[in-house]
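The values are calculated or read from the model by the stated rules, or taken from the named source; none is laboratory data. Small disclaimer: the values here were computed from a predicted structure and weren't measured. Every residue, glycine among them, receives a Cβ derived from its backbone with ideal geometry; neighbour counts consider all protein chains shown. These accessible areas exclude ligands, DNA and RNA; they are computed on the full protein's heavy atoms, side chains included. Shrake-Rupley method; radii C 1.70, N 1.55, O 1.52, S 1.80 Å.
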Amino acid sequence: MRLGVLDVGSNTVHLLVVDARRGGHPLPAYSEKSVLRLAEAVNNRGNLSEKGAHSLLDAVASAKDAARRLDVDHLLAFATSAIREARNGEKVLEKVRKETGVALSVLSGEDEARLTFLAVRRWFGWSAGRLLCLDIGGGSLEIAVGIDESPDLALSVPLGAGRLTRERITHDPPARREIAELREYVDGRLDPVVESVAQAGRIDRAVVTSKTFRTLSRLAGAAPSAAGARVRRTLTVDGLRQITEFISRISSSDLAEIEGVSSGRAHQLLAGAVVAEATMRRLDLTEVELCPWALREGVILQRLDWLDSGIQDPSLPGLAADLVPANA
């Protein structure tokens, strides 16, 4: 079966196409990405702007056309924090559905954490023991802990790299005062997270996903993506502190010139680094390991599980009901 996953995030609209079967390794067949920065297109009234909505329509239409060309059997389409928090999000999604035929389901932050955790568990297997999974997105930080395929703890905190950059950094490079205030703010928002994770029990392995963590690990010396997904990549808290100090002193345009840094995300990398360092420090993590699978793979794996069992997961009814055949 060929599945397409359309992920409408805070920064990008990403189509991933895989050849998948229950019990098998999903094999990537195609990927395309549009950098829309939807979260930055939300105006001061909390609405996604007309320009942002139009860009989203174009990106979804393009993704559906690609899915049709590639003979995708089903297109699993979902949106995360940018659309979830926009006051006119439902109206925008209805317009997308009417004009493109693609029904985007809106995932909660907790669902994001849970599905990402499923992907991480499948990647590392049962031998990984009790997992802690961290994912820094554009709008939020997701945390999950557990020993099974479904986590015992799944949290979402509004500490996304893009959100913090928009709300708390006004200079480029940022002023030292801004960085200090950002660190204090992040630490405060992490207080309940630290308590919840401590109550969840021991951690055997700490794993991270997301473009932010991948970029930070690359700057700290991890292997480039060209080395392949199965190369072990880690990030230490000491290495992260050095990287954070370095990138806090240079402009985003200069940072974008460094190998491994995306030009579309360079401006928000420092905020992501502050969140990453604070989270590792507060959770007493000296080292984390990167996982190449994340939310999109979790959605695929969940769908394959549904097909095998013949039932739908009641915690995500919309995602199952809103599957749109690519040839619709």
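Specify the residue that is farthest from Leu285 (Cα to Cα); the eligible residues are those in the stretch 177-198 that are without any contact (Cβ under 8 Å) to a residue 12 or more places away in the chain and out of contact with any Lys or Arg (no Cβ under 7 Å at 6 or more places or on another chain). Show your work before the answer.
Step one: filter the stretch 177-198 for residues without any contact (Cβ under 8 Å) to a residue 12 or more places away in the chain, giving 177-178, 180, 184, 188, 191-192, 195, 198.
Add one more test, that the residue is out of contact with any Lys or Arg (no Cβ under 7 Å at 6 or more places or on another chain), and what stays is 177, 180, 184, 188, 191-192, 195, 198.
Values: Arg177: 26, Ala180: 21, Glu184: 19, Gly188: 18, Asp191: 16, Pro192: 17, Glu195: 15, Ala198: 12 Å.
Out of the qualifying residues, it is Arg177.
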Check your understanding: Mind checking which residues of the stretch 27-55 are in contact with a strand residue (DSSP E or B) (Cβ under 7 Å, 6 or more places away or on another chain) and under 24 Å from Arg68 (Cα atoms)?
Key -> Leu27, Pro28, Ala29, Tyr30, Ser31, Glu32, Lys33, Ser34, Val35, Leu36
Exercise for review: Sort out which residues of the stretch 125-142 are surrounded by fewer than 21 Cβ atoms within 10 Å (Cβ to Cβ), of a type in the set (Gly, Ala, Ser) and touching a residue at least 40 places away in the same chain (Cβ under 8 Å), and write them in order of number.
Suggested key: Ala128, Gly129
Check your understanding: Of all helices (runs of 4 or more DSSP H) completely enclosed by the stretch 260-328, which ones contain at least 2 residues that are open to solvent by 60 Å² or more (accessible area, probe 1.4 Å) and modelled with pLDDT under 75?
Key -> 295-309, 317-321
Point to revise | In the stretch 32-57, the residues that are over 21 Å from Leu15 (Cβ atoms) and aliphatic (A, V, I, L, M) | key: Val42
Review point. Wholly within the stretch 29-122, which helices (runs of 4 or more DSSP H) include no fewer than the required count, namely at least 1 residues that are among the basic types (Lys, Arg), free of Cβ contacts under 8 Å to residues at least 12 places away in the same chain and within 25 Å of Ser262 (Cβ to Cβ)?
Key: 50-69
Point to revise | Failed criterion for Leu219 (all others in (1) under 22 Å from Ile169 (Cβ atoms); (2) in contact with a Leu (Cβ under 7 Å, 6 or more places away or on another chain); (3) open to solvent by 20 Å² or more (accessible area, probe 1.4 Å) hold) | key: (2)
